[in-house]
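Heads up: the structure comes next, in structure tokens.
The values are calculated or read from the model by the stated rules, or taken from the named source; none is laboratory data. No experiment lies behind these values; they were computed from the predicted model shown. Here the Cβ is made from the backbone with ideal geometry for all residues, glycine too, and neighbour counts use every protein chain on show.
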Amino acid sequence: MDANKHPQEQNKEQLQATHKPRLRGAAGSRRIFSKRWVYPAIYLGAAALIIGLMYVKSQVGSSPVTSNAVETGTTGQTTTTAATETFQWPVATNVSPKVTLGFFSDKGTQTQQAAALVHYDNGYYAHQGYDIQAADKKTFNVLAAVSGKVTSVDVGKTTNPLYGNIVEVTSPNGYQVRYESLGSVSVKVGETVQQGQVLGTSGTSQFELSQGNHLYFAVYKNGVAVDPASVLPKQ
């Protein structure tokens, strides 16, 4: 303490020294906020934070895409098949399919309906599917038009050759797909098949003997026959 100074003056200097850091901080903050770019920068930073939080919330709260897991038969491997899987033609890409007998539609013209009748044993029967034949009329591999589970196999070509061998596959979205007039069968009941997998080979049947080597392809939904043209890709 300076002995030559009055006590009040000394107390005043001490008080000023005590408040200098706080005054410097306040003055510094005022200088910063006086800059034109400060407030826009704060607003932009806050907006970015809010948007980031909203994005995180949307990712955490969103529902996963619905799909059906179908086993491929290989240990540890699974293929996800969407319930909206579209049909493909039940033949290999190197086969040129030809529809030799079409679907009998109640809404078709008389000419169209007459062209979709099967003549057998002095009777006529409405054709509820497609007869598919290779352009060269040779035997071809029959492929699964859609993934699903094998729900029926009728290997009756030798005991009941009327329709040939038959395989039925039920898809996850409720279609029952029948492959008839098969010459051979490569799958078993209960087996899960993937779209494009070989089910057997084309063949013949007594019911449609005039069709020669072919595949009878039929699609059902809730037990009702569906026109294959409504599910197969356009040729």
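Data for the structure
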{"item": "Residue satisfying all of: in the stretch 143-166; farther than 19 Å from residue 207 by Cα and in a strand (DSSP E or B); nearest to the chain's Cα centre (by Cα) among these", "result": "148"}
{"item": "Residue tally, condition under 19 Å from residue 220 (Cα atoms) and touching a strand residue (DSSP E or B) at 6+ places or on another chain (Cβ under 6 Å), over the stretch 146-163", "result": "9"}
{"item": "Residue in the stretch 186-194 that is among the hydroxyl-bearing types (Ser, Thr, Tyr), at pLDDT 95 or above and within 30 Å of residue 108 (Cβ to Cβ) present", "result": "no"}
{"item": "Pairs, first closer than 11 Å to residue 177 by Cα and hydrophobic (A, V, I, L, M, F, W, C) in the stretch 218-233, second part of a helix (DSSP H, G or I) and modelled with pLDDT of 95 or more, C-beta under 8 Å, six or more apart", "result": "218/228; 219/228"}
{"item": "Residue match in the stretch 107-124 (condition: of a type in the set (A, V, I, L, M, F, W, C) and either in contact with a Cys (Cβ under 6 Å, 6 or more places away or on another chain) or at pLDDT below 95 (or both))", "result": "no"}
{"item": "Filtered residue count, the stretch 127-142, keeping only those that are under 9 Å from residue 218 (Cα atoms) and among the basic types (Lys, Arg)", "result": "0"}
{"item": "Hits in the stretch 188-203 - residues which are of a type in the set (D, E, K, R) and either surrounded by 14 or more Cβ atoms within 10 Å (Cβ to Cβ) or touching a Pro at 6+ places or on another chain (Cβ under 7 Å) (or both)", "result": "191"}
{"item": "Residues (more than 15 Å from residue 203 (Cα to Cα) and within 31 Å of the chain's Cα centre (by Cα)) located in the stretch 108-142", "result": "127, 128, 129"}
{"item": "Filter result (assigned to a strand (DSSP E or B) and surrounded by fewer than 22 Cβ atoms within 10 Å (Cβ to Cβ)) within the stretch 204-226", "result": "218, 220, 221, 224, 225, 226"}
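Table: residues versus (1) aliphatic (A, V, I, L, M); (2) over 10 Å from residue 214 (Cα atoms); (3) crowded, with 20+ Cβ neighbours inside 10 Å; (4) assigned by TED's automatic domain parsing to the domain that holds residue 87.
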site	(1), (2), (3), (4)
106	no, yes, no, yes
111	no, yes, no, yes
114	yes, yes, no, yes
119	no, yes, no, yes
127	no, yes, yes, yes
132	yes, no, yes, yes
139	no, no, no, yes
143	yes, yes, yes, yes
